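Everything on this sheet refers to the single structure shown next.
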Amino acid sequence: MALIELRGVTKVYSKGGRDFAPLKDLDLDIEKNEFVALMGPSGSGKTTLLNIISGIDKPTRGSVRVGGVDVPSLSRSKAAQWRSRAIGYIFQRYNLVPVLTAFENVELPLLLHKMSGAARAKRVTLALQAAGISHRANHTPTELSGGEEQRVSIARAIVADPQIIVADEPTGDLDRDSASAVLGLLTRLHREFGKTLLMVTHDAKAAEIAQRTIRLQKGTFLTPEPGASSGNGTRPPTPSPAPTAAGAAP
Amino acid sequence: MITYILRSLLRNKTRSILTIGAVALTTFIFCFVRAIDSGMDRLLSSSGAEKKLIVYHKNRFCYATSKLLERYVPRIAEIPGVERVLPLKVYVSNCRASLDIVTFEGGPTDELLASRPIKVVAGDLEQWKRDEDAALVGVALAKRRSLSPGVKFRVGNVLVNVVAIFESGSSVDDNIAFTHLGYLQRIPGLNSVGYVTQIEVYLKDPARSEAIARQIDDMFATDESPTDTKPERAFLARKTRDLAEVVTFARVLGYVCVLVMLAILANTVVMAVQDRVRELAMLQAVGYDVQRVAAIVLAESGLAAFAGGLVGAGIAALVLWWTRLGIATEGIQVEFALSFGSIGMGVVSSTVAGAIAGIAPAWHASHLEIADALRSL
Ligand SMILES: Nc1ncnc2c1ncn2[C@@H]1O[C@H](COP(=O)(O)OP(=O)(O)OP(=O)(O)O)[C@@H](O)[C@H]1O
Ligand SMILES: [Mg+2]
């Protein structure tokens, strides 16, 4: 069974009496340790799909199983607790807390887990190191560049060592150099740390680093799914990944 | 987590300061009202039970109009069961309710000292007994009017020479200046020679207080100045009746203030939540559950209110303890009494109010549509 398994997922919004379905009857399988890029025009439902997989949003119909968990059936609080262990979310606009330092921002998700202060500090430091931003640990977001902010946000996503990382246009707001640095970092998370990545992007170049690219348009996948991948973004699977426990993992 | 909550409070400094200021002001008012309240309570409970009767002119309520013939004094002293009698001439600077009133009580010096448990803290008691125009001034009054031994002190037609300062432990007495009876009676314009304002009657047996009071009133019922005799507590309650109504009114106002603050505070917390829906959504996206998000909002608003409560209660304590402020009516000084209990109650209730004000915003924050909030700018 795939790590992420969507069957017949449909999302319907009712706007002013009229139904509007950004996602229509989608099937999707993502294997453990896969790196998948998700492309599609604006409004095609990419963010909605990420949110449904991470239990932030619920599908109108269909089943979503992630690591064997029936995600839509979880209550709001149960979903949050599950997310704190299973999913690392990277946002386009970083969403760092402006009044906290980089270190404190990365620490936020760890405050949900029972551990000693020393153990927590160690994991935060490791995550900052893995994201290549430990030299900025004591700076607040306003003192950081966009690329640095996104690194902090990535450190925050991996600090609790989730198996799955979802990233919603992680390079959307970055210049080319910062973007390629962030993409390099995501590749490392995949190759060295064995994470499963699902990354939304508008940039075909960015999608190239993924093993597989899927395209959403008008609520459906352009290429049949599961099975063959789209031509452009397809690359041979990366060499066998290192176990999850490396690097930022405790 | 605490770091996050504290920093969140500091993020919008102006708003936090205004919020804390509003809470501080309300807590200040709350403490003030409580202080007046317990001042009244203390006044009415401290008075020496039923062992002391006060004889006053019937149907007269002001010191200026109560005139009893001095010759009543020996007749009352003869009544069986009466231990001691203290005639007093009382002169007050102001008969109405006022924040700054000066009360002179003139009496025979030895009886006065026997009836009032006072401790001289400065000056010379012997000089007070000796000099006709000498005044023995209570600490509270001395502090309020900056009086010290050697100073001349004039109120209206009364000019005295302050020779000693005393402390009595009674808020009423601490606001009084004691003089010689004859000196006050002879003040020009008072026409009081041969008259006293009131007579204090000390009883051997409190159980007989009512009978003796009736006996005194019967004795002078048809005399030049008919009397009205009451136990001290009833006398004080009668004299402070108007003030008690004002205090009730102030209490209602105080509680309305607390309600208003609650609304202001709730509004502020709502704004603080609305300003950062995306951040609150982020917290939930990284795994913060309903209880935690709600707790954060409640803690922020409770903490702001706690800080405000501390500031307000602190200022109230400083102001009241420093100035020994009190209100007087018909010459009875009600000193505002701010107890540690009231201070604690002020701080606790403002904190609770803060938490209550945070309930709706906390619910809102913890139940927002995460997906929509993350999309918002
Ligand atoms: N709460 C909502 N109510 C109604 N419509 C919504 C709601 N949330 C999203 N939509 C709509 O659903 C569609 C899919 O939105 P989504 O954000 O998933 O698109 P996207 O592919 O991520 O677009 P973009 O590339 O611009 O981020 C959009 O047309 C959006 O307007
Ligand atoms: Mg999107």
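Summary table below
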item: Assigned charges on the beta-carbon of Lys, Arg, Asp, Glu; chain A dipole about Cα centre (debye); result: 560 debye
item: Other-chain or far-sequence residues with amide H under 5 Å of B:Gly123's (modelled H); result: B:Ile165
item: For region B:63-70, 3J(HN,Hα) per residue [Karplus equation, 6.51 cos²θ - 1.76 cosθ + 1.60, θ = phi - 60°, Hz, x = Gly/Pro]; result: 4, 5, 9, 7, 10, 10, 5, 5
item: Cα-based equivalent ellipsoid, the protein assembly as shown: semi-axes from gyration tensor eigenvalues, Å; result: 85, 23, 18
item: Mean projection area, nm², convex hull over Cα of region B:59-225; result: 10.0 nm²
item: With DNA, RNA and ligands ignored, accessible area of A:Asp25 (1.4 Å probe; Å², nearest 10); result: 110 Å²
item: Inter-part distance where region B:175-213 and region B:75-143 are each reduced to a Cα centre, Å; result: 9 Å
item: Rg ratio (alpha-carbon, reference 2.2 N^0.38 Å) - chain B; result: 1.36
item: Karplus-derived 3J(HN,Hα), 6.51/-1.76/1.60, for each residue of region B:286-296, Hz, glycine and proline x; result: 8, x, 6, 8, 3, 4, 5, 5, 4, 4, 4
item: Inverse mean reciprocal Cα-Cα distance (Kirkwood Rh) of region B:55-133, Å; result: 15.0 Å
item: Burial of 20 Å² or greater, region A:75-91 residues [accessible area, probe 1.4 Å, versus chain by itself]; result: A:Arg76, A:Ser77, A:Ala80, A:Gln81, A:Arg83, A:Tyr89, A:Phe91
item: Dipole of region B:79-202, positive direction: furthest Cα of B:Val85, B:Ser171, B:Gly107, with charges on the beta-carbon; result: B:Ser171
item: For A:Ala21, residues with placed amide H under 5 Å, excluding near neighbours; result: A:Tyr13
item: Normalised per residue, the volume of the convex hull around the Cα set of region B:229-276 (Å³); result: 51 Å³
item: Ellipsoid semi-axes in whole angstrom, largest first, where each is sqrt(5λ) of the Cα gyration tensor of chain A; result: 29, 20, 18
item: Accessible solvent surface per residue of chain A, calculated while the other protein chains remain in place, 1.4 angstrom probe, Å²; result: 41 Å²
item: Tilt relative to chain B, helix B:241-274 - C-alpha long axis, 0 to 90 degrees, to 10; result: 10 degrees
item: Sequence ranges B:337-344, B:74-81, ranked by mean other-Cβ count within 10 angstrom, highest first; result: B:337-344, B:74-81
item: Helix-only mean residue ellipticity at 222 nm for chain B, each DSSP H run of n ≥ 4 adding -39500 (n - 2.57), per residue, nearest 500; result: -17500 deg cm²/dmol
item: Computed magnitude of the charge dipole of region B:59-225 (debye, nearest 20; Cβ of K, R +1, Cβ of D, E -1); result: 480 debye
item: Magnitude of the charge dipole, region A:1-131, Cβ model with Lys/Arg +1 and Asp/Glu -1, debye to 20; result: 380 debye
item: Gap separating the Cα centres of region B:6-32 and region A:29-72, nearest whole Å; result: 44 Å
item: Given charges at Cβ of Lys, Arg, Asp, Glu: region B:59-225 dipole, positive-most of B:Ile76, B:Ile199, B:Trp128; result: B:Trp128
item: Positive-end residue, chain B charge dipole about Cα centroid, Cβ charges, pick of B:Cys62, B:Ile20, B:Ala317; result: B:Ile20
item: Accessible area, probe 1.4 Å, largest first, for residues B:Cys31, B:Cys62; result: B:Cys62, B:Cys31
item: For region A:60-117, the spread of Cα positions along each principal axis, largest first, Å; result: 41, 30, 18
item: Over region B:1-99 - Rg/Rh using Cα atoms and the Kirkwood inverse-distance radius; result: 1.36
item: Shielding by partners - mean other protein chain Cβ count within 10 Å, residues of B:244-257; result: 0
item: Chain-alone versus full-assembly comparison, region B:276-324, residues with accessible loss of at least 50 Å² (1.4 Å probe); result: B:Arg278, B:Met282, B:Ala285, B:Val286, B:Gly287, B:Tyr288, B:Asp289
item: Base-10 log of normalised Debye intensity for region B:271-377 (one unit scatterer per alpha-carbon) at q = 0.12, 0.22 Å⁻¹; result: -0.56, -1.04
item: Region A:184-203 and region B:303-377: distance between their alpha carbon centers, rounded to Å; result: 51 Å
item: Scattering profile of region A:80-143 at q = 0.17, 0.22, 0.30 Å⁻¹ [log10 I(q)/I(0), Debye over alpha-carbon scatterers]; result: -0.62, -1.04, -1.41
item: Interchain or long-range residues, amide H under 5 Å from B:Asn94's placed H; result: B:Val102
item: Where chain B is the region considered: accessible area per residue in Å², 1.4 Å probe; result: 44 Å²
item: Most to least accessible of B:Met345, B:Met40 (protein chains only, probe 1.4 Å); result: B:Met345, B:Met40
item: Solvent-accessible area, 1.4 Å probe, carbon plus sulfur percent, for region B:59-225; result: 50 percent
item: Pairs from A:Lys58/A:Lys218; B:Lys152/B:Lys230; B:Lys52/B:Lys119; B:Lys89/B:Lys119; B:Lys51/B:Lys239; A:Lys58/A:Lys195 whose Cα-Cα separation, in the structure shown, is over 30 Å; result: B:Lys152/B:Lys230
item: Rg(Cα) / (2.2 N^0.38 Å) computed for region A:101-195, rounded to two decimals; result: 1.03
item: At 0.890 mPa s and 25 °C, Stokes diffusion of region A:1-138 via Kirkwood alpha-carbon radius, µm² per second; result: 143 µm²/s
item: HN-Hα J in Hz across region A:213-218 - Karplus 6.51, -1.76, 1.60, θ = phi - 60°, x for Gly and Pro; result: 10, 10, 10, 9, 8, 6
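The values are calculated or read from the model by the stated rules, or taken from the named source; none is laboratory data. All of these numbers come straight from a predicted model, not from anything done at the bench. Don't worry about glycine lacking a Cβ; one is built from the backbone with ideal geometry, like all the others, and counts go over all protein chains shown. For the accessible areas, the whole protein counts, side chains as well, though only heavy atoms, and no ligand, DNA or RNA atoms are used. Shrake-Rupley method; radii C 1.70, N 1.55, O 1.52, S 1.80 Å.
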